[in-house]
Amino acid sequence: MRSAKGPHLPRVAHLLGHLVSCVGLTGCVVLSNPEYPSEWASLQSNYQNCRHIAGTYKNAGERVREGNWGSSFDSLSQLLGRYKAWPTATRPDRVRIAFTGDETLTTEAWEGNRLVASIRFSANTDDFHCVDASIELTRSEVVAEQVAGMQSETIRIFKASDGSLVLKYSTAGFGLIGGILPAGGNASSWSRFAPIVSY
């Protein structure tokens, strides 16, 4: 798992902060883990690598989550930017995913006919892994806010049978409240981005 620090990582400490309300319960856990939406197309799985995920997708998508965690709108470029920062600020209308062999993954942010920015991930340096026909991006960091401890996040990127891009975002954290009480929490959500076939 890669270790990193930066403003793009969602604050799992905020999630763990909700545990303060249950300080009387050692090991209190907060969960928000919705099942894969039954109305969405099935995920493609009969592949030995991840190259079938290559394509162009709308930047704006929808998110399925439980309770008040997260939002109903999602941005593909913002999700990808949590793992490697875009070299310039981006407000694209679409994102292109491409592979060079099995070792290099390139993501491009496009606005109209203009390439705004690109990010390159390398399997050789553990930037990403191909796991069960999906792309996996992970990162972790030490936090010292409301709860002192470790937080991590993982995105699994799939392609659905209708051509859409599907992301499962998972985040988890464990730490000590006041340096004494152990507490942990985890949450996940599903996001979907429509394919664009005209580019």
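The values are calculated or read from the model by the stated rules, or taken from the named source; none is laboratory data. Because the structure is a prediction, the values reported are computed rather than measured. Every residue, glycine as well, gets a Cβ built from its backbone with ideal geometry; the counts of neighbours run over all protein chains shown.
Answer yes or no as to whether residue 42 is under 29 Å from residue 194 (Cβ atoms) and either modelled with pLDDT of 85 or more or loosely packed, with under 11 Cβ neighbours inside 10 Å (or both).
Numbers: under 29 Å from residue 194 (Cβ atoms): yes; either modelled with pLDDT of 85 or more or loosely packed, with under 11 Cβ neighbours inside 10 Å (or both): yes.
In short, yes.
Restricting to region 53-75, and then to whatever is outside any strand (DSSP E or B) and surrounded by fewer than 14 Cβ atoms within 10 Å (Cβ to Cβ), can you tell me which residue is modelled with the lowest pLDDT?
Taking region 53-75 as the starting set, the residues that turn out to be outside any strand (DSSP E or B) are 53-54, 59, 65-72.
Subset that is surrounded by fewer than 14 Cβ atoms within 10 Å (Cβ to Cβ): 54, 67-68, 71-72.
Numbers: 54: 96, 67: 50, 68: 47, 71: 51, 72: 71.
It comes out as 68.
Collect the residues in region 91-124 that are closer than 23 Å to residue 158 by Cβ, out of contact with any Asp or Glu (no Cβ under 8 Å at 6 or more places or on another chain) and among the polar types (S, T, N, Q), keeping them in residue-number order.
Passing the criteria: 100, 104, 106, 107.
Can you say whether residue 133 is more than 19 Å from residue 54 (Cβ to Cβ), aliphatic (A, V, I, L, M) and either at pLDDT 75 or above or crowded, with 19+ Cβ neighbours inside 10 Å (or both), as far as the supplied structure shows?
Against the criterion (more than 19 Å from residue 54 (Cβ to Cβ), aliphatic (A, V, I, L, M) and either at pLDDT 75 or above or crowded, with 19+ Cβ neighbours inside 10 Å (or both)), residue 133 does not qualify.
Could you check region 117-126 and list, in sequence order, the residues that are buried (at least 17 other Cβ atoms within 10 Å of the Cβ) and in contact with a Lys or Arg (Cβ under 8 Å, 6 or more places away or on another chain)?
Within region 117-126, 119, 121 qualify.
Scan region 76-97 and give yes if some residue there is in a helix (DSSP H, G or I), surrounded by 15 or more Cβ atoms within 10 Å (Cβ to Cβ), at pLDDT 75 or above and small (Gly, Ala, Ser), otherwise no.
Among the residues of region 76-97, at least one is in a helix (DSSP H, G or I), surrounded by 15 or more Cβ atoms within 10 Å (Cβ to Cβ), at pLDDT 75 or above and small (Gly, Ala, Ser), which makes the answer yes.
Determine the pairs where a residue that is in a loop (DSSP other than H, G, I, E, B), located within region 31-42, has a partner that is at pLDDT below 80 with Cβ atoms under 8 Å apart, the partner being 6 or more residues away or on another chain.
Final answer for the pair search is 33/66; 33/186; 34/65; 34/66.
Find all pairs meeting these conditions: Cβ atoms under 6 angstrom apart; at least six residues apart or on different chains; first residue within region 110-132 and of a type in the set (D, E, K, R); second residue in a strand (DSSP E or B).
Every condition considered, the pairs that remain are 120/106; 127/121.
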